[in-house]
Ligand SMILES: [Zn+2]
């Protein structure tokens, strides 16, 4: 059961006139509730030859490792969102953000924008949404315990690309579509 966000009347699911898809529509005031994809912004924060990972203290994927990432907020740019998540999840300041990976996940209505960034002063802590945070060498990445497919792909691209790229500008954009997140089975 859905209720109108505008007037509180009971809403119905139907295809509005001139539209193609069913929407939640209010028969009383005519308000149409559009559901559109959400943007997730994240940062692969690098220090020397290591990357910063956070072990999630929240669901979904509690206890699994991720890079700082979360839903973009109104009023910020993509890069600002990625760096805000870095503060929130790792108590760390990322600098020199460079757009690195874009993933469409149409099945769940999400777009991921992942940035490369440098870790300011090599300092980090543990944000409230994390159990722990740590810098990892390539050899120590917990590949089987990475929370999400988009994070797994970003790490994979990074370690492959850095064999030939040095500064962030040398890392070219990866744009991919993820049909199904094998890690979370959806
Ligand atoms: Zn209404």
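All of the numbers you see were taken from the coordinates with simple rules; none came from a lab. Just so you know, these numbers come straight off a predicted model, no measurement behind them. Heads up, the Cβs are rebuilt from the backbone with ideal geometry, glycines too, and the neighbour counts pull from every protein chain shown.
Details
- More than 28 Å apart - percent of Cα-Cα pairs taken over segment 38-177: 7
- In plain terms, the chain from residue 15 to residue 143 could stretch by 41.7 nm, reckoned as 0.36 nm per residue minus the Cα-Cα distance.
- The label point for residue 62 and the one for residue 34, both projected 7 Å from the Cα toward the Cβ, are 3.7 nm apart.
- Fewest-first ranking of 103, 34, using other Cβ atoms within 10 Å as the exposure measure: 34, 103
- Residue order, fewest to most surrounding Cβ atoms within 10 angstrom, among 126, 77: 77, 126
- Additional length obtainable on full extension of the chain from residue 156 to residue 91, 0.36 nm per residue less Cα span: 21.0 nm
- The sum of -39500 (n - 2.57) across all DSSP H runs of n ≥ 4, divided by the residue count of the chain, sets its helix-only mean residue ellipticity at 222 nm to -4500 deg cm²/dmol.
- Spin-label model, residue 184/residue 107: points 7 Å from Cα along the beta carbon direction are separated by 1.2 nm.
- With neighbour counts taken as other beta-carbon atoms within 10 Å, the residues 45, 12 rank, fewest first, as 12, 45.
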